Amino acid sequence: MTKYFIAEREYYGNDKMTARSKARFDADDIARKEGFEPVVFDIPDRTNFSMPRKIIWQFKIIGTWKRATAKLGSGDVLFIQCPFRDHSVFLGSVFKKLKKRGVRIVLLLHDLEKLRHLKNRNTSFFNRVKCVFEDKIIRHADKMIVHNEKMKEVLASSGIPEEKMICLGIFDYLTGGEDVQEKDSVKDLPVVIAGNLMREKSGYAYDLPSDVPFALYGPFYNGEGKDNIDYRGSYPPEELMSALDGSFGLVWDGPSASTCEGVWGEYLKINNPHKTSLYLASGLPVIIWKEAALASFIESNGAGICVGSLKDIGGIKAKITDEEYQRMKENTKTVGTRLRSGQYLSEALKKAVS
């Protein structure tokens, strides 16, 4: 048995200033550490492709996949991150032929497009079609590494056999084996918000409570100046950890500061946001929505607090003693060590190929 993984080399756009691509690169590195050999795909920038060219490209991708996977045979394992950067509605036929040759397919689900887009009435027809084909493709997998038990339940309810699914727990956040130089922090420092700060994605960041200081990091922020809000700019993932400075990291999503709602808020109920891993790997305890899928992880590991509304943060922080906060910091340090070493995906991959 030979273990392979699809290594997608992509262009760098605005997502270089978010952690979106880092999760995929970290998964590649962890797969290498676990003995997987790369099957390299070069991903072009298709941002400005015309519609006819996009359609033609759907057919070209198939030939690329077939040539790249031609050497795989019976008993081999192919690890693929989903959704695919170079997607085609015809990939199901490629996977079907691989299965007939005896290749075992292991998928790592980063995002479930069908759950994120199909609940949005403004989703384009193209994305709806894409979701349907993606659903068909993932059913070819022998094993699927899903975010958490909540996501596993949702997929099981849609007909995916439970025995196919392995729960990741939380995404890792590699640092090249180096220990993080943690800053001394106390509970009264600003609450950190890191990520895509576009109004359409993170509307809550423009309606933050005035009784708590916040430090914002990320692209597309255009809020008005407020005394309790400090926008500190945008950083690439490899520099962001050392830039973060605060008492807690906030995991929240959607348009409202009162609760997580809308498409992004609903998605938080089954999703593992990568920013959670960023905060913990950086030594920051987490403040997270109490209905988020990762709330139970934070609570069971003693690595932060769960809240129902952002308006609750000020009162809850005021009640936390210095001793309690330092215990959270120690617990966060323990989890961060695991994240920085890639422990969670390593364990999931071992289960998937056993």
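The values are calculated or read from the model by the stated rules, or taken from the named source; none is laboratory data. Keep in mind it's a predicted model, so treat the numbers as computed, not measured. We place every Cβ from the backbone using ideal geometry, glycine too, and count neighbours over all the protein chains shown.
Here are the numbers for this structure:
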| item | result |
| --- | --- |
| Given (1) over 24 Å from P255 (Cα atoms); (2) modelled with pLDDT of 95 or more; (3) of a type outside the set (K, R), number of the condition G315 does not satisfy | (1) |
| Filtered residues of the range 229-252 (kept if buried (at least 18 other Cβ atoms within 10 Å of the Cβ) and among the hydroxyl-bearing types (S, T, Y)) | Y231, S234, Y235, S247 |
| Selection count, the range 275-292, where residues are closer than 18 Å to K152 by Cα and crowded, with 24+ Cβ neighbours inside 10 Å | 1 |
| Boolean, R199 is assigned by TED's automatic domain parsing to the domain that holds L284, touching a strand residue (DSSP E or B) at 6+ places or on another chain (Cβ under 7 Å) and basic (K, R) | no |
| Criterion (modelled with pLDDT of 95 or more, under 18 Å from the mean Cα position of the chain (by Cα), farther than 25 Å from D28 by Cα and surrounded by fewer than 22 Cβ atoms within 10 Å (Cβ to Cβ)) met by exactly one of S296, S346 | S296 |
| Of all residues making up the range 190-231, the number that are under 20 Å from the mean Cα position of the chain (by Cα) and not small (G, A, S) | 13 |
| Members of the range 222-274 that are touching a Gly at 6+ places or on another chain (Cβ under 7 Å), assigned to a loop (DSSP other than H, G, I, E, B), more than 13 Å from A194 (Cα to Cα) and not polar (S, T, N, Q) | G254, P255, C260, E261 |
| Index of the failed condition, K54 passing every other in (1) loosely packed, with under 15 Cβ neighbours inside 10 Å; (2) at pLDDT 85 or above; (3) not hydroxyl-bearing (S, T, Y) | (2) |
| Residue within the range 307-315 that is hydrophobic (A, V, I, L, M, F, W, C), within 19 Å of F171 (Cβ to Cβ) and in contact with a helix residue (DSSP H, G or I) (Cβ under 8 Å, 6 or more places away or on another chain) present | no |
